[in-house]
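Each remark here refers to the structure printed beneath this line.
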Amino acid sequence: MKLSFTLFSGLMLCLLEVKSQTVIPIETKQNAIVLQADTKTSVKMVYYGPKLAAQGDYANILSSYKQGSDYTGLNDDAYTTSGTRNLFEPAITVTHADGNNSLDLHYVTHSVKKESDNVSITSIVLKDPVYNLETTLYYKVYYNENVVEQWSEIKNNEKGNVTLHKFASANLYLRGGSFYLTQYHGDWAKEMQPEETKITHGIKTLDSKLGTRANLFQPSVFMVSMDKPATENEGTVLYGTLAYSGNFRTDLELDHLDNLRIISGINNYASEYSLKPNEVFTTPAFLTTLSTTGKGTASRNLQAWARNYRLLDGKGTRLTLLNNWEATYFDFDENKLFGLIKDTKKLGVDMFLLDDGWFANKYPRNGDVAGLGDWDENKKKLPNGISSLVKEAKNNDVKFGIWIEPEMVNPKSELYEKHPDWVVKEAKREEFYFRNQLVLDLTNPKVQDFVFGVVDDLFTKNPELAYIKWDCNAVIYNAHSATLKNQSHFYIEYVRGLYKVLERIRKKYPTVPMMLCSGGGGRVDYGALQYFTEFWPSDNTDPLERIFMQWEYSYFYPAISSSNHVTDWGKQPIKFRTDVAMMGKMGFDIVVGHLSPNDLAFCQDAIKTYNQVKPVIWQGDQYRLSNPRENSVASMLYLTEDKKTGIVFNYLVSNRYAEGSKLPIRFNGLDAAKKYKISEINVYPGAKSSIDNSKIYTGDFLMKIGFNPDVNQSRTSVVLKIEAQ
Ligand code: DGJ
């Protein structure tokens, strides 16, 4: 009798234990993040993968893994603390008001808020049972796009200051198998160089300590393939990136159980944060999407999300343009610019974009050594000011845009003379320059006003100004502010200052298109892109290089955001250069007067063609058909959602003997049952297309057998239009 009672009560306890576990499934259309919690411990991350048909099954996941002991019970925490039992990389490390370094965060409660049919936010409140420190984890789900944004809020309810040593946005825990990391590195003109490696035990850190131009050597975007390296259409792959324009840090740690912890957030390097009583520290968002059908699906997820929710005016239109940077560099005057404005009209693009060199008088901006910071028109070059150029543009029926770099200053400038304390530098140490310039101290509200004023003045004086190119060429050396009380807040306050300025600009000028430039792609991230309509991927506009670079960017960013300009870089003919520029937001940076009549006619026609097909390129789904890193021919398809219209860009990327499209290239994403006609567009004047446009193909045929664009040494660049009949 006694025995059976013990058995019975044991069973009851066991049931209660299971019952007291709260399973929190966070589902998108395809995937689920599953968390599990009870009030006595921390929240566990059970799963991130394809969602299960029955929600009840999520409770059975954990018991299916027999990987051994983690010795702490903390390895799979959804937000790993430090200072108690944890033996691995933490997401959060603090020193409490009383000097104690331990932190435990137990589950308190959670709730789900629906923002729309597609967007909901799950928030999970955690609290230290011993100290008055609270953390809320947020999981914002974009259901149809399969994108999850994660961030955290750390609240100090203690009586004194709490020091945050580490304060990640997100902490994922992926179980078992093997993992493959695709990461990117770069430099000026060498953005987005991919590397793929098997993740080995220990920690791999992707990070930046550059402050501004933070992505110069490494952007925060990455992919993790599970079990085997994912290909375009096969395999499970997770994309991640921190939506932040400053120092970031992502740790990928493979533990002794072969599970992968991914912890991402603001880089805590030189950034201990002192959190006052009642103050809340909100981290930037870490974005992920997951696909079980390869990299292509993940890229389309993220691109759709960006267009629908993040990129400024992601569903809107964009201006084609003629830029004068490579056509003139700093050497121009009003007369020359009037000529270029006429060329803008002649070419048929929407806008003339005046680049660097239009400002500063005491130290004229005739090179990159002086004048930066002095935003008055240079009287010698522009005696009648910007307004005369805006007027001339209007007379020619084109728009006018302008370059600025308002966060920076040349030491040789009036601004520096007037406000030496506005500059980021160590006053007692020798100055050190990046491109002969220093960064302004955006932690200082007066500097924020100044930077806002640069933009505001331009628009106040020239209400018809249509576009801003916002550059940022220097990294931060000697990170120190003359006015900030706590210097270890510097890097964080800099980005806060930058976002405050951009918020103000967007409040007053909500729609004006702005290009995010950082000496190329030094600041392409989803923190900044909520304020910008497009970005400058690289100063390297050699079209061959751009095929590779744009390919990699396209995994993470939509084509409408990628500014691609036709320049004189590279050895390819104008057709090749123009075709490559068409793959995103097209512009030109050439001397129109130097074009041969045929080249000019080609460009003029190409712009007209572009204007017809740009909705497909900007809003279509991208399918990578033939990878330039693996084949002699690169091929990329842009396809409308209704699968009726597509544009396919094909390029020869090898100079080897007799290379070309020997095999048909298999399409993807089409409707198998539809019938398609294929014709060649962007044909150079006088050339005859070898594509027979009278043939009709089924989608089934094009996806199983493919189509040969007939790329060869005499047809190095071929653009096709496919139309459902
Ligand atoms: C760097 C940018 O990437 C270029 O396009 C150009 O705007 C120069 N700066 C101007 O200084």
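The values are calculated or read from the model by the stated rules, or taken from the named source; none is laboratory data. Treat the numbers as computed from the prediction; the structure is a model and nothing was measured. When we count neighbours, we look across all protein chains shown, and the Cβ atoms used for this are built from the backbone with ideal geometry, even at glycine.
Here N436 fulfils each of the conditions (1) more than 16 Å from the ligand (Cβ to nearest atom); (2) surrounded by fewer than 22 Cβ atoms within 10 Å (Cβ to Cβ); (3) over 27 Å from the mean Cα position of the chain (by Cα) apart from (1). Tell me, please, whether a residue that is surrounded by fewer than 16 Cβ atoms within 10 Å (Cβ to Cβ) and among the small types (G, A, S) can be found in segment 659-671. Looking for residues that are surrounded by fewer than 16 Cβ atoms within 10 Å (Cβ to Cβ) and among the small types (G, A, S), one finds none in segment 659-671, hence no.
Restricting attention to segment 440-488, the residues being in a loop (DSSP other than H, G, I, E, B) and in contact with a helix residue (DSSP H, G or I) (Cβ under 8 Å, 6 or more places away or on another chain) number 14.
The strands (runs of 3 or more DSSP E) falling completely within segment 533-639 that include 2 or more residues that are more than 16 Å from the ligand (Cβ to nearest atom) map to 621-626, 633-639.
Among residues of segment 545-574 that are on the phi < 0 side of the Ramachandran plot, those with a beta-carbon under 7 Å from a residue that is assigned to a helix (DSSP H, G or I) and β-branched (V, I, T) at least six positions away or on a different chain give the pairs R546/V580; I547/V580; A559/I617; N564/V580; V566/T578. Restricting segment 616-658 to residues that are under 19 Å from A304 (Cβ atoms) and among the β-branched types (V, I, T) leaves a set whose member that is surrounded by the most Cβ atoms within 10 Å (Cβ to Cβ) is I647. Going residue by residue through segment 154-171, is there one that turns out to be at positive phi and assigned to a strand (DSSP E or B)? Within segment 154-171 (the criterion being at positive phi and assigned to a strand (DSSP E or B)), the answer is no, since none of the residues qualifies. Every residue in segment 122-142 that is more than 20 Å from the chain's Cα centre (by Cα) and under 15 Å from T288 (Cβ atoms), please. Within segment 122-142, T122, L137, Y138 qualify. Here are some conditions: (1) surrounded by fewer than 21 Cβ atoms within 10 Å (Cβ to Cβ); (2) touching a residue at least 12 places away in the same chain (Cβ under 8 Å); (3) outside any helix (DSSP H, G or I). M515 meets all but one. Which one does it not meet? Condition (1) is where M515 drops out. Of all residues in segment 369-391, those that are in the same structural domain as T344 (by TED's automatic domain parsing) have Cβ atoms under 8 Å from Cβ atoms of residues that are of a type in the set (G, A, S) and not in a loop (DSSP other than H, G, I, E, B), 6 or more apart or on another chain, in E377/G385; L382/S388. For the condition farther than 25 Å from P510 by Cβ, within 15 Å of the ligand (Cβ to nearest atom) and not assigned by TED's automatic domain parsing to the domain that holds S245, what is the one hit in V409, V423? The conditions single out V409. In segment 514-532, the residue that is farthest from the chain's Cα centre (by Cα) out of those that are more than 19 Å from Q218 (Cβ to Cβ) and within 16 Å of the ligand (Cβ to nearest atom) is M514. Pairs are defined by a Cβ separation below 9 Å, a sequence spacing of at least 6 or placement on different chains, a first member in segment 281-300 that is in the same structural domain as E158 (by TED's automatic domain parsing), and a second member that is of a type in the set (S, T, N, Q) and in a helix (DSSP H, G or I); the pairs so defined are T289/T297; T289/S299; T289/N301; L290/N301; S291/T297; S291/S299; S291/N301; S299/S554.
At least 1 residues being outside the structural domain of N564 (by TED's automatic domain parsing) and surrounded by fewer than 22 Cβ atoms within 10 Å (Cβ to Cβ) is the threshold, and among the strands (runs of 3 or more DSSP E) wholly inside segment 182-240 those reaching it are 193-198, 202-207.
Among the residues in segment 483-491, are any surrounded by 22 or more Cβ atoms within 10 Å (Cβ to Cβ), in the same structural domain as G522 (by TED's automatic domain parsing) and among the charged types (D, E, K, R)? No, there is no match, as no residue in segment 483-491 is surrounded by 22 or more Cβ atoms within 10 Å (Cβ to Cβ), in the same structural domain as G522 (by TED's automatic domain parsing) and among the charged types (D, E, K, R).
Of the set (1) touching a Lys or Arg at 6+ places or on another chain (Cβ under 6 Å); (2) in a strand (DSSP E or B); (3) in contact (Cβ under 8 Å) with a residue 24 or more places away in the chain, all apply to S120 but (3). Restricting attention to segment 350-367, the residues being assigned to a loop (DSSP other than H, G, I, E, B) and within 16 Å of the ligand (Cβ to nearest atom) number 10.
Would segment 606-623 turn up any residue that is of a type in the set (G, A, S) and closer than 26 Å to F701 by Cα? Yes, there is a match, as at least one residue in segment 606-623 is of a type in the set (G, A, S) and closer than 26 Å to F701 by Cα.
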